[in-house]
Ligand SMILES: [Zn+2]
């Protein structure tokens, strides 16, 4: 199971639901895939000004990578680092391309009844902390999600999670921030692992010390600039 680091809180993300935490700069959140099967969507916001949000587009520019690996940071809409990936015991398969699921997505998938969804979970998780977001954001960091770039370099293939039970990542806060998570309720498109595509619980640990550290990298600029 998950390694023990110094922590001040452990929170469950119940299957199909959302949970948000507030981190002080220098703290971290460990996201544990308890069953090894679950996609966990993630968003982050500057705690001083929630109009500044973690931005996948700016993150890809900063890291020059499709998806993050240990040592890479996540960048806000104001081009400030907000989180850094400091540990990852999973196979390192995550996604920054795919929109979070929302009510409309499930309509398009043929649902005639309301279906729980990550985008609503974002708002629910933040509301539990008393925070009202100024707008939505479909561009989540999709932890453990297996979106495979095909050999042509441009086509994407949606596949189930390849994580093992207890695998985790650790995200370090580079500013005081809120980090919201959703244990993705998707049970129509086959993205959860182990073949049954059933959403399951995941776990958050708020870490204060003793977790791996990496140096914060600056923005990418081309050689010669
Ligand atoms: Zn989802």
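No lab work stands behind these numbers, since they all come straight from the coordinates. Model, not experiment: these values are computed from the prediction. Quick reminder, even Gly has a Cβ in these numbers, built from the backbone with ideal geometry, and neighbours come from all protein chains shown.
Find the relative contact order for segment 1-122 and round it to a whole percent, using C-alpha pairs within less than 8 Å whose residues are 6+ positions apart.
Relative contact order of segment 1-122: 22 percent.
Once you have the Cα-Cα distance between residue 78 and residue 22, take 0.36 nm times their residue separation minus that, and quote the gain in nm to one decimal.
Length gained, residue 78 through residue 22: 18.2 nm.
Calculate, for residue 123 and residue 223, the FRET efficiency according to 1/(1 + (r/R0)^6) with r their C-beta to C-beta distance and R0 35 Å; round to the nearest 0.05.
Efficiency, rounded to the nearest 0.05: 0.25.
Could you list 149, 21, 131, 29 so that the one with the fewest beta carbons within 10 Å of its beta carbon is first and the one with the most is last?
149, 131, 21, 29
Please arrange 120, 176 by how many other C-beta atoms lie within 10 Å of their C-beta, fewest to most.
By the 10 Å Cβ count, ascending, the order reads 176, 120.
Can you compute the label reach from residue 89? Point 7 Å from Cα along the Cβ direction, backbone N cut-off under 15 Å, restricted to segment 155-198.
163-171
Using just the helices of the chain, give the 222 nm mean residue ellipticity in deg cm²/dmol: DSSP H runs with n ≥ 4 each add -39,500 (n - 2.57), and the total is spread over all residues, rounded to 500.
My calculation for the chain gives -3000 deg cm²/dmol from helical runs alone.
In percent, how large is the relative contact order of the chain, given Cα pairs closer than 8 Å and 6 or more residues apart?
This gives 43 percent for the chain.
For 10, 82, 75, which order do you get if you count the other beta carbons within 10 Å of each Cβ and list the fewest first?
Neighbour counts put them in this order, fewest first: 10, 75, 82.
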